[in-house]
Amino acid sequence: MSASPRRWHAGHAQLPGGLTRDVLLEAREGRYTRVEPGVPAATAVADGAERLPGVVLPGFANCHSHAFHRALRGRTHDGGGTFWTWREAMYAVAERLDPDGYLALARAAYAEMALAGVTAVAEFHYLHHGPGGRRYQDPNAMGHALVAAAAEAGLRLTLLDTCYLTGGLTAEGYQPLGPQQQRFGDGDAAGWAERVGLLRDHTEGGPAQLRVGAAVHSVRAVPREQLATVAAVARDRGAPLHGHLSEQPAENEACLAAHGLTPTGLLAEEGLLGTDLSAVHATHLTGADVALLGGAGATACLCPTTERDLADGIGPARALLDAGARLSLGSDQHAVTDLLEEARALEMHERLASLQRGRLAPARLLAALTAHDSIGWPDAGRLEVGARADLVAVRTDTVRTAGADPGQLVLAAGAPDVDTVVVDGRTVVTQGRHLLGDVGRLLAEAIAPLWDSVGR
């Protein structure tokens, strides 16, 4: 016998055809079975529907996350510096985590994402082994901690298991892993692939929904001759393929010196460009790079709040779209966990770079905000029959949103305005409160030991 249906009523809902009034949503076994406009609220409520406030949007996809970076928020600003100096603090935090600590930190970080409307997260996972590269009895212990964390927080997880083999790239070639990078490495791409082969997808039923994908950390961290192995693992599984790309000018300079190619050109030469590829950051691209990514139909995953926090620069979002690429969004190092802010920043950064407004219309921003297909969930991100029953209800009566046009809410609202979040038909956030309770306390309890251990 199938489970009883769940029903919700939205005064406004963003359907594939546009913003629509008085929509009844019904779901069974985690999928929408009815999406009907024009149903009066009183009728729907009498039929057992839950009345949702504000505007109902599809669930948000956080397409690039490093969960352990959440411990760095508010800890890296006193000395100035650059992306490269920031990395030293990141390495120090990574060195202190074990599977139990990782589970606690990631569970809290994912719960914070749910409060911001995220229903699926892609974790760019390279913290594979113990300190110094020591292997755990379970070679995927750290990855399994992330799977458990997402399940407890109520999110679907795409585990982008990341190949990270070398410590950098110079004109002289690839450098060995440094002491603090040892736990990222698997020796070579074949060793990485063997470990990833032990992971299995779980995409239907139950809270622990998992899609396993693959990632190239960067052209600095995977030798040229091993890039194709990573792509083959993803494509053999029919899984997403991601990679950091041209986040910093120094990466471009090193790649040009070593290979005579930009990072995008190198990926093109090695056969990695395609519709399954998400190029993360894609900040410092040449015109030829933009054309290559667009011509391949690749996705550019921009992380505006991280890119501004690390002084990375502003990625060419509009140019990439015009060339044929697609856009997605990530919160990356979680300097801010607010996917509505990521979407708004996409447009605002374009305004700063171009001195023009309206570079990316609200519908474009919503498409980037709900790009579940780029992380292996093509049946999510839409309020329609057959799709996964995800939704986010955003209030329109707060100090930030009062008076805003419901169709332009993405340019006014933020994470504090998220009222209700449903993932695969299961309510994870109600009236702005997560099912795990006090997420601030969970974060504090997970983060404090990482800094207390060094007396800071």
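The values are calculated or read from the model by the stated rules, or taken from the named source; none is laboratory data. Keep in mind that what you see is a predicted model, and the values were worked out from it rather than measured. All Cβ positions, even for glycine, are placed from backbone atoms using ideal geometry, and neighbour counts span all protein chains on display.
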task = Would you be able to tell me the number of residues in region 40-88 that are surrounded by 19 or more Cβ atoms within 10 Å (Cβ to Cβ), within 23 Å of Pro406 (Cα to Cα) and either under 29 Å from the mean Cα position of the chain (by Cα) or of a type in the set (Val, Ile, Thr) (or both)?
result = 10
query = Residues of region 382-425 being surrounded by fewer than 19 Cβ atoms within 10 Å (Cβ to Cβ), touching a residue at least 40 places away in the same chain (Cβ under 8 Å) and not in a loop (DSSP other than H, G, I, E, B), which ones?
reply = Pro406, Gly407, Gln408, Leu411
message = Within region 220-243, take every residue that is under 20 Å from the mean Cα position of the chain (by Cα) and part of a loop (DSSP other than H, G, I, E, B) and give me the one that is surrounded by the most Cβ atoms within 10 Å (Cβ to Cβ).
response = Pro240
task = Taking His128 as the residue in question, decide whether it is in a loop (DSSP other than H, G, I, E, B), surrounded by fewer than 18 Cβ atoms within 10 Å (Cβ to Cβ) and either touching a strand residue (DSSP E or B) at 6+ places or on another chain (Cβ under 8 Å) or not polar (S, T, N, Q) (or both).
result = no
key: Extreme residue, nearest to Gly274 (Cα to Cα), among residues of region 356-381 that are polar (S, T, N, Q) and surrounded by 22 or more Cβ atoms within 10 Å (Cβ to Cβ)   = Ser374
query = Can you find even one residue in region 169-179 that is surrounded by 24 or more Cβ atoms within 10 Å (Cβ to Cβ), in the same structural domain as Cys301 (by TED's automatic domain parsing) and among the β-branched types (Val, Ile, Thr)?
reply = no
task = Return the total of residues in region 145-186 being of a type in the set (D, E, K, R) and over 23 Å from the mean Cα position of the chain (by Cα).
result = 2
request  = Find all pairs meeting these conditions: Cβ atoms under 7 angstrom apart; at least six residues apart or on different chains; first residue within region 74-103 and not assigned by TED's automatic domain parsing to the domain that holds Gly185; second residue surrounded by 12 or more Cβ atoms within 10 Å (Cβ to Cβ) and among the small types (Gly, Ala, Ser).
outcome  = none
ask   = Taking region 280-301, which residues are free of Cβ contacts under 8 Å to residues at least 60 places away in the same chain and of a type in the set (A, V, I, L, M, F, W, C)?
value = Ala282, Leu285, Ala288, Val290, Ala291, Leu292, Leu293, Ala296, Ala298, Ala300
request  = Within region 23-73, count every residue that is of a type in the set (D, E, K, R), more than 28 Å from Gly376 (Cα to Cα) and assigned to a strand (DSSP E or B).
outcome  = 2
Among residues of region 185-219, those that are farther than 28 Å from Asp373 by Cβ and buried (at least 19 other Cβ atoms within 10 Å of the Cβ), counted = 2
Candidates Arg200, Arg211, filtered to the one that is part of a loop (DSSP other than H, G, I, E, B) and over 30 Å from Glu88 (Cβ atoms) = Arg200
Filter pass, Thr299 being at pLDDT 95 or above and more than 20 Å from His77 (Cβ to Cβ) = yes
remark   = Across region 244-262, the tally of residues that are within 22 Å of the chain's Cα centre (by Cα), at negative phi and not acidic (Asp, Glu) stands at 3
request  = Find all pairs meeting these conditions: Cβ atoms under 9 angstrom apart; at least six residues apart or on different chains; first residue within region 265-276 and closer than 17 Å to Glu251 by Cβ; second residue among the polar types (S, T, N, Q) and surrounded by fewer than 19 Cβ atoms within 10 Å (Cβ to Cβ).
outcome  = Gly265/Thr286
ask   = Are any of the residues in region 91-102 among the small types (Gly, Ala, Ser), closer than 30 Å to Leu340 by Cβ, at pLDDT below 95 and assigned to a helix (DSSP H, G or I)?
value = yes
ask   = Condition test on Val212, is it touching a Pro at 6+ places or on another chain (Cβ under 8 Å) and either among the basic types (Lys, Arg) or at pLDDT 95 or above (or both)?
value = no
ask   = Can you name every residue in region 134-168 that is within 22 Å of Leu241 (Cβ to Cβ) and polar (S, T, N, Q)?
value = Asn140, Thr158, Thr162, Thr166
request  = Could you list all residues from region 426-452 that are within 21 Å of the chain's Cα centre (by Cα), under 15 Å from Ala116 (Cα atoms) and in a strand (DSSP E or B)?
outcome  = Thr427, Val428, Val429, His434
ask   = Pro362 versus (1) closer than 30 Å to Leu159 by Cα; (2) of a type outside the set (D, E, K, R); (3) over 16 Å from the mean Cα position of the chain (by Cα); (4) not assigned by TED's automatic domain parsing to the domain that holds Asp276: which is the lone unmet condition?
value = (4)
